Amino acid sequence: MKSFFRFISLTLALVMLACAVPAATAENEVVYRTLYSGEVTTLNYLITASTNEFGLAANLIDTLVEYDQYGQIQPSLAESWEVSDDGLTYTFHLRDGATWVKADGTVYADVTAYDFVAAAKYILNAQNASSTADILYGVISGAKAYFDGTATPAEGEEPAPVMDWDTVGIKAPDARTLVYTLDKPTPYFLSMTTYVCFMPVNEQYLTEAGENFGLATGNDTILFNGAYVLGTFKPQEKTVLTKNQAYWDKDKVYIDVIDETYNKEAANVAPQYFLDGNIDGFAIDNALAADWLNDPEKADFVRPVRQYGQYSAWYSFDYSPAFEEEFEPENWKKAVANENFRKSIFHGLDRVKAMLNVDPVNAEELVYNTITPTNFATYKGTDYVNMGALADFSAVGTGTFNEELALSYKAKAVEELTAAGVTFPIKMKMMFNVSLSWWADECQTVEQQLEGLLGSDYIDIIVVSGASSGFLSNRRTGNYAFMKVNWGADYADPETYSDPFDVGNNSYRFTDAEVDIDLSEYKELLAAAKAITDDTEARYLAFAKAEAYLIEHAYMIPMGPWSGGYTVSKLDTFTSQYAPFGISQERYKGQKMLDKPMSTDEYYDAYDAWLEAREALANQ
């Protein structure tokens, strides 16, 4: 064991030799400075589903377990746990020494098992409108019935029975013991406990604060038990996270201060702020990244954005369209139900050319051929996407773009669709979010490329801009025919990437009653995969078979990560917690700073070392 960790240390040390000196202030405090433009609207981590707010909560509040830099689960507020033989009961034993503190560092109380019960009771009260309540009541025994009993019935409906808390499978037999009882065996449950809805809250403080709990008005509306406290919180001015000196694991917190300054023009002014030495990192857009990479004095500041595999993107067909008549929704509905039509688009889309708008340098490396990202889940060292029916799709050198196949499927589709009364060209309404600069360009690329190959007499792609506010409603209501969409993982199991295609999940309208496609075989495959809870290999192979079915029949077109591109940062990204789901990657705990940003070459060297170290751990 010692020799293995010495190998990791030496490898990473060699990679980072030129840039491993921490940045520090005159007082020897390590400070990371940045700008931000998106302000949080609440500090109440028990109700939010906002990425910005997750980022704060992840650093201020600890969870039962956490992940290390290689994606291995580690004890956090729970120092140990055990699972019953039937997989239904998880018993956590909390550590001594974890405390709740105020923003000034004053200790308020010990962290106890009762705090987790208090948080769950708050989240499962429908009157509190928690955005993550469904995750809790989706797995915990009795939680859904309890939640329904707290909800206000719709007009004309009878209220659900009011249930006693004793019927919910979340118990604290004593201050150091926490027990969760599940509805059914859930192999990935431990990974779920790193999510915000499994965070604790001090019940006395919650009661005293009342409606003021978590208000985004200052740093005195919540308590802290994580690696940092909210030293300063002045909305649209300054947010400062300072190291929690009472933290139980403070020796693993290497950055003392996270100094964030609000600037509504952050994206525009950040590059000059960095060059002037006023900040330590920023997100660089593609155009500027290309300029800097071609500038000998700036090229070494730029590296690729690390892909955690959390958000997977694909081009979605809407099978239950609800857009305007001018886009001929009934004509589209007939067309998209035809497999040969879908396959003509599937093989006709040049995904690499489209992805150049996300990353003009490294596009080919970003594209992958499955819904589930690489490096998301492994079994005995084998990546899930290389298992069973998915292996052929993931093999090196494979791809979906094939002009000959696309034109062959087009010919078949034209014959079949003409007989079905479909008119040509088939209108394809394609939406994009105006807040993402690359998306409009990608839509134009896709329009020109697909129409150029398949013919504007066959398809007519109509690109429509959508406002950033409420953009997701376009996907949820069927206001598109063909659009790039994404899904983020919630837990460590391939099932999470089947959720958009599951019965009852109308976020993607894939299984609506009005869909004119036969999904019975897919539903059977998915149900069979979900039923396997005691054999990880068999479970993964079953989910791989279900996922492969979607790809084989061109029900969607896999793309790759939702975002790519480059960044400029003095943070050593390979020391951060790693998990392709949840909020672990938002944590600064464990991260170290470099004396200068990592270059692209240094990034890939470090990435190779990280992969080697991670594989070695998996094979132990």
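Considering the range 104-159, and only residues there that are in a loop (DSSP other than H, G, I, E, B) and among the charged types (D, E, K, R), the residue that is farthest from Trp81 (Cα to Cα) turns out to be Glu155.
The set of residues in the range 597-620 being buried (at least 17 other Cβ atoms within 10 Å of the Cβ) and outside any helix (DSSP H, G or I) consists of Pro597, Met598, Ser599. Across the range 205-220, the qualifying residues are those that are in a helix (DSSP H, G or I) and in contact (Cβ under 8 Å) with a residue 24 or more places away in the chain, and the one among them that is farthest from Tyr45 (Cα to Cα) is Tyr205.
Counting only residues that are crowded, with 18+ Cβ neighbours inside 10 Å and of a type outside the set (Ser, Thr, Tyr), how many does the range 389-409 have?
So the first thing to find is which residues in the range 389-409 are crowded, with 18+ Cβ neighbours inside 10 Å, and the list is 389-390, 393-394, 400-401, 406, 409.
If we keep only those that are of a type outside the set (Ser, Thr, Tyr) as well, we get 389-390, 393, 401, 406.
Total meeting the criteria: 5.
With the condition kept exactly as written, say whether any residue in the range 446-457 is within 27 Å of the chain's Cα centre (by Cα) and part of a helix (DSSP H, G or I). Yes, some residue in the range 446-457 is within 27 Å of the chain's Cα centre (by Cα) and part of a helix (DSSP H, G or I). Return the residues of the range 258-311 that are modelled with pLDDT of 90 or more, of a type in the set (Val, Ile, Thr) and in a loop (DSSP other than H, G, I, E, B); say none if nothing qualifies. Passing the criteria: Ile279, Val302.
If I ask for residues that are outside any loop (DSSP other than H, G, I, E, B) and either crowded, with 16+ Cβ neighbours inside 10 Å or among the hydrophobic types (A, V, I, L, M, F, W, C) (or both), which ones from the range 247-257 would you list? Let's see the steps before the verdict.
Of the residues in the range 247-257, the ones outside any loop (DSSP other than H, G, I, E, B) are 250-252, 257.
Result: Val257, single match.
Within the range 422-443, the set of residues being under 22 Å from the mean Cα position of the chain (by Cα) and part of a strand (DSSP E or B) comprises Met431, Phe432, Asn433. Taking the criterion of being in contact (Cβ under 8 Å) with a residue 40 or more places away in the chain and in contact with a Pro (Cβ under 9 Å, 6 or more places away or on another chain), the residues of the range 517-541 that qualify are Thr533, Asp534, Thr536, Arg539, Tyr540. Within the range 549-564, restricting attention to residues that are surrounded by fewer than 21 Cβ atoms within 10 Å (Cβ to Cβ) and out of contact with any strand residue (DSSP E or B) (no Cβ under 6 Å at 6 or more places or on another chain), the residue that is farthest from Pro373 (Cα to Cα) is His553. Residues that are β-branched (Val, Ile, Thr), over 15 Å from Val201 (Cα atoms) and surrounded by 15 or more Cβ atoms within 10 Å (Cβ to Cβ) within the range 84-121 comprise Thr89, Thr91, listed in sequence order. Say whether the condition of being outside the structural domain of Pro360 (by TED's automatic domain parsing), surrounded by fewer than 22 Cβ atoms within 10 Å (Cβ to Cβ), without any contact (Cβ under 8 Å) to a residue 60 or more places away in the chain and not polar (S, T, N, Q) is met by at least one residue in the range 587-596. No - not one qualifying residue is present in the range 587-596.
The values are calculated or read from the model by the stated rules, or taken from the named source; none is laboratory data. Note that the coordinates shown come from a computational prediction; the quantities given were computed from them, not determined experimentally. Positions of Cβ are generated from backbone atoms using ideal geometry, with glycine treated the same way; all protein chains shown enter the neighbour counts.
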